[in-house]
Amino acid sequence: MTLPFRVHRTLCTYIRLPPISLLSLAACASITRETQSAKMPGKGLLERLENGGSVLIAEGYLWEFERRGYIQQGAHVPEVVLEHPELVKIMHEEFVHAGSDVCEAFTYYGNREKLRFIGREDDLEKLNRMALKMAREVADRTGTLMAGGICNTGVYQPDQPETHEQVRAMYKEQVEWAVEEGADYMIAETIDSLGEAKIALETIQKYGKGMSAVVTLGCYVPEETTDEVPIVEACRILEELGAAVVGLNCGRGPKTMLPLLRQVREACKGPIAALPVTYRTRGDCKSFMSLKDPDSGKYVYPINVATCLCGRDEIREFAEEAKAIGVNYIGLCCGNAPNYFRELAEVYGRTPEACRYRPNMTFNYIFGDTEKTDKYDVKKLRQYMVTGKE
Ligand SMILES: [Zn+2]
């Protein structure tokens with residue numbers, strides 16, 4: 001039986017997962033050779049994570065495309081996939097260039113409810129398939145993983161069973177498209193209730209043809225899900241139910257996510273995930289939605305959050321702490337940019353191509369202090385720039 005390359009590759013990813021036939025194993029062996037010849041590592045999510053390995057994942061597509069003027073703040077539907085697919089592909093490439101091990105298909109908020117909301121339900125399948133195909137293409141070319149993604153729907157209500165069925169149906173179609181387009185694994189992310197996260201996990205297990213599931217919760221101000229389960233306990237339950245990786249994604253920035261990560265690490269046995277936003281959340285503003293402008297005291301979310309962005313050093317410090325805690329599936333969410341991601345990648349021992357361009361101020365003609373820059377008499381200019389006239 002001859003299978004298309006993509007199907008072979010997908011089978012390979014499943015090797016550590018539910019029962020596969022000997023025929024599939026044979027297909028795996030042959031494709032491993034094919035993959036190596038194409039200079040692709042060919043390692044699945046679980047293989048990369050075993051023996052203390054780590055997986056780095058750049059996210060934050062939605063926020064970054066909004067910043068660039070291609071997504072509307074509010075509905076937050078990834079229409080850029082349909083209108084400017086070439087830009088989505090480039091963003092995958094930029095994040096890989098900065099150290100991402102994963103190209104996540106940009107299907108965030110690309111579900112039936114969201115598309116219906118903006119009157120584009122007819123484009124739902126097209127959007128999902130295009131996003132998945134582009135991520136697959138860049139992943140194949142760069143030897144990275146391709147993940148399909150589902151997220152919180154806004155529909156789920158714990159005490160209304162009919163909403164559970166609606167959510168299940170939305171997840172099912174997205175998972176099936178991800179399977180057909182050759183995703184290596186599935187992400188269910190930023191889900192705020194344990195109930196909806198369980199439906200996401202069940203749907204991946206039922207329709208994902210053996211794909212691993214990474215399930216991450218969105219944690220905001222209280223340290224519990226919106227159906228009032230402590231976040232740490234919810235992570236433990238999701239792991240027990242079979243999620244390959246559990247953890248936190250979005251909502252909180254580095255400083256307010258770290259204390260929870262320590263607890264999640266203690267409660268869970270397997271790999272844990274951390275993808276904070278890149279904003280300066282703190283004790284009295286634990287989520288980036290709750291941040292206030294230090295000058296005016298006004299809430300800054302969503303359009304003025306840039307006033308509270310982290311510095312690159314803070315991202316590096318976060319990555320160092322996370323690594324020490326034992327977070328091995330790590331990334332950044334809203335506010336992410338390649339220059340942040342490079343910091344994280346370096347802490348985790350990577351040297352992505354972007355490292356070639358990491359800052360080196362010794363070559364700067366004003367602030368450098370090498371023989372090369374000594375010839376410039378810039379003392380006065382530097383004084384004007386930094387301290388002002390004495
Ligand atoms: Zn986010």
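Counting only residues at least eight positions apart within a chain, or on another chain, the lysines with an alpha carbon under 21 Å from that of Lys292 are Lys255. Surface composition of the range 302-355: carbon plus sulfur atoms hold 49% of the accessible area, using a 1.4 angstrom probe and ignoring ligands, DNA and RNA.
The Cα atoms of the range 170-216 define a convex hull whose projected area, averaged across directions, is 2.8 nm².
On the beta carbon distance between Asp284 and Lys126, with R0 = 30 Å, the FRET formula returns roughly 0.10. Its DSSP H runs of at least 4 residues, each contributing -39,500 (n - 2.57), put the calculated 222 nm mean residue ellipticity of the chain at -13500 deg cm²/dmol, to the nearest 500. What you get for the range 106-255, charging only the Cβ of Lys and Arg (+1) and of Asp and Glu (-1), is a dipole of about 540 debye around the Cα centre. May I ask what percent, to the nearest 5, of DSSP beta bridges between residues of the chain are antiparallel? The answer is about 15 percent antiparallel. Legend: residue pairs Lys126/Lys172; Lys172/Lys198; Lys172/Lys209; Lys126/Lys209; Lys43/Lys206, Cα-Cα distance threshold 18 Å; pairs beyond threshold, Lys126/Lys209; Lys43/Lys206. Counting only residues at least eight positions apart within a chain, or on another chain, the aspartates and glutamates with an alpha carbon under 12 Å from that of Lys286 are Glu223. Quick one: if the Förster radius is 51 Å, what FRET efficiency do Ile303 and Lys375 give, using the C-beta to C-beta distance and rounding to 0.05? Computed FRET efficiency for Ile303 and Lys375: 0.65. Along the Cα→Cβ direction, 7 angstrom out, place labels at Thr351 and Asp295. What is the inter-label distance in nm? For Thr351 paired with Asp295, the spin-label model returns 4.3 nm. Computed with a 1.4 Å probe over protein heavy atoms only, the accessible area of Arg129 comes to about 50 Å². Taking each residue as 0.36 nm, the span from Arg262 to Val386 lengthens on full extension beyond its C-alpha to C-alpha distance by 40.7 nm.
Which order do the peptides 242-251, 222-231 come out in when sorted by mean C-beta neighbours inside 10 angstrom, highest first? Present the calculation step by step, with values, prior to reporting the outcome.
Values: 242-251: 25.5, 222-231: 17.2.
The densest-packed peptide leads the list: 242-251, 222-231.
Quick one: check the C-alpha center-to-center distance for the range 350-381 versus the range 237-265, whole angstrom. Between the Cα centre of the range 350-381 and that of the range 237-265, the gap is 39 Å. Sorted largest first, the principal axis extents computed over the alpha-carbon atoms of the chain equal 77, 52, 44 Å.
The values are calculated or read from the model by the stated rules, or taken from the named source; none is laboratory data. Computed from a predicted model, the values in this text were never measured in an experiment. Don't worry about glycine lacking a Cβ; one is built from the backbone with ideal geometry, like all the others, and counts go over all protein chains shown. Side chains are part of the model used for accessible areas, which takes the heavy atoms of the whole protein and leaves out ligands, DNA and RNA. Shrake-Rupley method; radii C 1.70, N 1.55, O 1.52, S 1.80 Å.
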